[in-house]
Every structure is written in C-alpha cells, then in structure tokens.
Amino acid sequence: MLTALRNTYAPAFNTTSMPATTGAKGAEPPVGPAEPSTPRSLPTNAKGAMDRDQFLKMLTAQLKNQDPLNPMDGKDMAAQLAQFSTVEQLIQMNKTLSGQQSKDSEIIDAINKLGESQSARSDDLAQLIEGQMAMATVGKTGVTPGNTAFVDRDGSGTIVVDTGARTGTGRVTVTDANGNTVGTVQVDVAKAGQQSFALGDLFSPKLPAGKYSFKFEVATDGGQFQAVKTYTAGRITGMKYENGNPILIIGDSLAVPMSQLTQIRA
C-alpha cells in the first residue's frame, strides 16, 4: 500500500529546470547629462552694460547653483568668457578713442581760436594801414566812377571821361542840383581813352562854385552824339570812419569809400 501511495503521489514542486519567467524589464541608468527644460539665459543689468565684477559674480553664482546632474558645459563657459573678454576690449577701445577724439577736438578748437585771433589782428592792422593811407589823401584830388563835377570859388573844376576808341567832336552838358541845364559846350576829343577837361576853360563866364552833374557825348561818323563813361573828380576835403572803414569826403558832401577810388591825383 505504501508503495502504491509513493507511485501515485505527485510532488508539489517541479524539480526539473524551468525556463525563466518573463517579467517587467528593469530601468536603465541615464546616459549623459539631461537636457534642461528651458534654455539658460544670463541676467540682464537694468542700469546699463555689465562690467567685469558683475560678470564674475554672476559666473560664480551660476557655478555654485548649477545642477550637479546637469553641470554647465565647459565649451559654453569658455564661449561666455571669450565673449566677455571681447566686449571688454571693445569698451576699453571705445573709451580710448573717445578720449583721443576729445583731445583732438580741443586741439582743433585751439587752432581755430588762434586762427580767429590772427585774422582779427590782421583785420585791425589792415584797417590801421588803410586809415593812414586815407589820411594821406586829404588835400589831393580823388577820382571815382560817377558824373558829379565840383566847381571851386575861383570857377575851376575838372571832369574826367573815357571815350574808349572814339575821337572827334565832343559835347558837355552841365546841370545844377535842381536838374536845370546851366550850359552846354562842344570840345575837341583829340585822343581816345581816359582824359580830363578843365571846366574853367570850357565855360565863359565861369560856373558859380558848387556841385553839378554832367553828361559827356562824342559824335559818331554819322554825326549822332553818344554818351561815354564818366568819372567824378574832386578835392578830398576830409575823412571819417563807418563800421571801421575809412570814408573820404570829396568836395563839401560827397562820401566815397576809399576802395572805390580809381585814381588819386596831386
């Protein structure tokens, strides 16, 4: 009976080799640093550009507070340092150039002021010389473009004309201050170009002393008179200054800048 029981009894456990059961696969260890959820960004300086001390403090704080499992890449750190060095060099260069520009501006200003001072002195010297020359003309006869004639108390006076290439018969017409014709005479124009005529020799009786206007004409080949260029000639009786420029007085009232004189006669 025991034998039958041994033969019929099945063991509770199978002692033969069994294939390994397929269970859940175990988690693998992480490979490489994990990517950050958001890109890193450097803090900005609200007050202005970041200087060296601020950058170093920020870099130290970044190294102290970085994720041990996701440390800062060495290449990124080197790139940041290189960028900061470049920016710092550019800032120093800009400061140097700005300082040099300021010095150049000061030099240019000094040169300009020196030039203005020299120009002012030259102008003052030129005015002084011109004033001395103007004083030396007083008492002499000045000639300037115009058609005014001055007659002295003795009836003497001079008119100056330029007939160009014309010669032949000339005609002088004299008017007073009111525009009234006081006399017309003919003269012989023996030569061309600029020439003078004495009023005391042209009019008889002589003209009263005073200021007159005149017109000078020369007859053409056809006998028609045509006006020629005239000049005002008179004795320089005084001088005055206007805006620093010497003004000569011809006769009793005609004011003429010295620069407008074409001739000075004894």
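Here are some notes:
- Heavy-atom accessible surface of the range 121-266: percent carbon and sulfur, 1.4 Å: 47 percent
- 3J(HN,Hα) along the range 162-169, derived from phi through the Karplus expression 6.51 cos²θ - 1.76 cosθ + 1.60 where θ = phi - 60°, amounts to 10, 8, x, 9, 7, 9, x, 8 Hz, with x in place of Gly and Pro.
- Mean accessible surface per residue for the range 160-264, computed with a 1.4 Å probe while every protein chain stays in place, in Å²: 53 Å²
- Between Ser204 and Asn112, full extension at 0.36 nm per residue minus the direct alpha carbon distance yields a gain of 26.6 nm.
- Spin-label model distance (nm) - Asp176 vs Phe225, 7 Å beyond Cα toward Cβ: 2.0 nm
- Chain lengthening between Leu97 and Asp188 when straightened (0.36 nm per residue, less Cα-Cα): 24.8 nm
- Across the range 137-266, Cα pairs under 8 Å and at least six residues apart give a relative contact order of 37 percent.
- Evaluated at q = 0.23, 0.24, 0.27 Å⁻¹, the base-10 log of the normalised Debye intensity for the range 215-266, with identical point scatterers placed on the Cα atoms, takes the values -0.85, -0.90, -1.03.
The values are calculated or read from the model by the stated rules, or taken from the named source; none is laboratory data. The model shown is predicted, which means the values in this text are computed figures rather than measured ones. For neighbour counting, all protein chains shown are included, and Cβ atoms are generated from backbone atoms with ideal geometry for every residue, glycine included. These accessible areas exclude ligands, DNA and RNA; they are computed on the full protein's heavy atoms, side chains included. Shrake-Rupley method; radii C 1.70, N 1.55, O 1.52, S 1.80 Å.
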